[in-house]
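**Student:** One structure, pasted below without further comment.
The values are calculated or read from the model by the stated rules, or taken from the named source; none is laboratory data. Keep in mind it's a predicted model, so treat the numbers as computed, not measured. All Cβ positions, even for glycine, are placed from backbone atoms using ideal geometry, and neighbour counts span all protein chains on display.
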Amino acid sequence: MNAPFQFPAPEDGRLDAGMQAGYAANGFLLLEGFAEAKACDALSARALEIVEAFDPKAAGIFSSVREAGGRDEYFKTSGDKIRCFLEDEALDARGDLTVPKSRSVNKIGHALHDLDPVFEAFSHSDKLANLATDVGLADARILQSMIIFKPPRIGGEVTWHQDATYLRTEPDSVTGFWFALQDATLDNGCLQAIPGGHLGPLRSRFRRDGGGMAQDTLDETPFETQGAVDLPASKGDLVVLHGRLPHASTANRSDRARHAYTLHAIDGTCDYPADNWLQRAPELPLRGFAP
Ligand code: FE2
């Protein structure tokens with residue numbers, strides 16, 4: 001029998017032996033009710049305020065996305081900032097929005113947890129610090145944060161990938177903390193994962209390459225998606241994801257939003273390559289989960 005992966009969230013974030021065994025065997029855990037509903041609502045509301053204040057023209061996005069390399073640059077320098085990223089088809093050929101601004105943004109990243117007080121408070125707690133220790137991060141450091149909107153009807157799918165492709169350490173340590181800020185269901189694009197898939201190799205690495213980006217194939221073993229499971233989650237549930245766990249999410253075909261907040265942490269004792277896409281200003285060092 002497969003090890004279970006879904007449990008009521010432990011009050012203090014500490015994983016018992018059954019949870020530890022489930023994480024080791026599956027590469028993920030779904031912890032029900034980890035965050036309070038009102039804390040989730042506060043994050044969603046704050047995220048919408050950030051979008052409301054976002055002026056794509058002032059941010060230079062309209063010109064930059066249409067210039068070769070401009071989009072790369074906007075992304076590549078976002079590791080220590082709060083930036084809004086548009087849905088692929090949100091701009092027409094003239095650089096005007098094709099949908100209302102509130103539905104044009106795909107995500108916000110990548111230093112919400114350091115730069116915005118509402119996100120900062122949510123992202124730091126003894127409960128999260130305990131959990132990070134118990135999934136094996138000896139010296140957990142929060143590397144990035146993202147709000148993923150998955151807007152009704154136009155929120156696109158996220159194809160199968162491993163987070164360690166994008167955030168590499170030596171040895172691998174990146175771990176994802178995915179919070180459902182709204183109910184994530186089969187029709188609005190909940191997570192999907194392959195139990196045990198984290199035991200396979202890392203398939204590729206995305207990295208800086210001169211002025212641009214490159215993706216190297218490391219291993220051609222296909223993801224065994226026939227063994228995938230859907231992970232519907234209620235508001236406040238937390239999915240913890242091993243960095244090599246293959247995961248995905250389908251498009252949002254429903255008329256309901258599906259907001260999620262993700263944190264990715266690494267172990268500060270591991271080496272952090274200089275060609276990882278995410279690089280931070282020295283003035284903004286990585287912090288742990290403790291408040
Ligand atoms: Fe991911």
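**Student:** Please list, ordered by first then second residue, the pairs with beta carbon atoms under 7 Å, 6 or more apart or interchain, first in region 155-180 and within 10 Å of the ligand (Cβ to nearest atom), second of a type in the set (Ser, Thr, Tyr).
**Tutor:** Once the first residue is within 10 Å of the ligand (Cβ to nearest atom) and sits in region 155-180, its partners that are of a type in the set (Ser, Thr, Tyr) give Val158/Ser249; Trp160/Thr225; Thr165/Ser204; Gly176/Thr262; Trp178/Thr262.
Here's the yes/no breakdown for (1) within 27 Å of Ser234 (Cα to Cα); (2) at pLDDT 85 or above; (3) touching a Pro at 6+ places or on another chain (Cβ under 8 Å); (4) among the hydroxyl-bearing types (Ser, Thr, Tyr):
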site	(1), (2), (3), (4)
Leu31	yes, yes, yes, no
Ala59	no, no, no, no
Val65	no, no, no, no
Gly79	no, yes, no, no
Asp88	no, no, no, no
Leu112	yes, yes, no, no
Val135	yes, yes, no, no
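**Student:** Of the conditions (1) more than 16 Å from the ligand (Cβ to nearest atom); (2) of a type outside the set (Gly, Ala, Ser); (3) surrounded by 12 or more Cβ atoms within 10 Å (Cβ to Cβ), Val240 clears all except one; give me its number.
**Tutor:** Status for Val240: all satisfied but (1).
**Student:** Go through region 6-22 and report how many residues are aliphatic (A, V, I, L, M), in contact with a helix residue (DSSP H, G or I) (Cβ under 9 Å, 6 or more places away or on another chain) and surrounded by fewer than 16 Cβ atoms within 10 Å (Cβ to Cβ). Please lay out each step first, then the result.
**Tutor:** Here is the first cut: in region 6-22, the residues aliphatic (A, V, I, L, M) are 9, 15, 17, 19, 21.
The next check asks that each one be in contact with a helix residue (DSSP H, G or I) (Cβ under 9 Å, 6 or more places away or on another chain); those that pass are 9, 15, 19.
Of the ones still in play, those that are also surrounded by fewer than 16 Cβ atoms within 10 Å (Cβ to Cβ) are none.
Here the count works out to 0.
**Student:** Could you give me the residue pairs with C-beta distances under 7 Å whose first residue belongs to region 239-265 and is aromatic (Phe, Trp, Tyr), whose second residue is crowded, with 23+ Cβ neighbours inside 10 Å and not in a strand (DSSP E or B) wherever it lies, and which are 6+ apart or on separate chains?
**Tutor:** Pairs found: Tyr261/Leu43; Tyr261/Leu181.
**Student:** What number of residues within region 1-48 are under 20 Å from the mean Cα position of the chain (by Cα) and in a helix (DSSP H, G or I)?
**Tutor:** Here the count works out to 13.
**Student:** Right, Ala140: away from the ligand (no atom under 15 Å from the Cβ) and over 20 Å from Cys40 (Cα atoms) or not?
**Tutor:** So Ala140 passes the test.
**Student:** I need a count of the residues in region 195-209 that are hydrophobic (A, V, I, L, M, F, W, C) and in contact (Cβ under 8 Å) with a residue 60 or more places away in the chain.
**Tutor:** Applying the first criterion (hydrophobic (A, V, I, L, M, F, W, C)) to region 195-209 yields 199, 202, 206.
After this cut, where a residue has to be in contact (Cβ under 8 Å) with a residue 60 or more places away in the chain as well, the list is 199, 206.
Result for region 195-209: 2.
**Student:** Okay, next question. On the basis of being modelled with pLDDT of 95 or more, more than 13 Å from the ligand (Cβ to nearest atom) and either surrounded by fewer than 19 Cβ atoms within 10 Å (Cβ to Cβ) or more than 23 Å from Phe289 (Cβ to Cβ) (or both), does Thr217 make the cut? Don't jump to the end; show me each part of the working.
**Tutor:** Details: modelled with pLDDT of 95 or more: yes; more than 13 Å from the ligand (Cβ to nearest atom): yes; either surrounded by fewer than 19 Cβ atoms within 10 Å (Cβ to Cβ) or more than 23 Å from Phe289 (Cβ to Cβ) (or both): yes.
Taking the combined requirement at face value, the residue satisfies it.
**Student:** Which residue, of Asp187, Asp172, is buried (at least 16 other Cβ atoms within 10 Å of the Cβ) and either modelled with pLDDT under 95 or more than 27 Å from Asp116 (Cα to Cα) (or both)? Don't jump to the end; show me each part of the working.
**Tutor:** On the way: Asp187 fails: buried (at least 16 other Cβ atoms within 10 Å of the Cβ).
Criteria check complete, one pass: Asp172.
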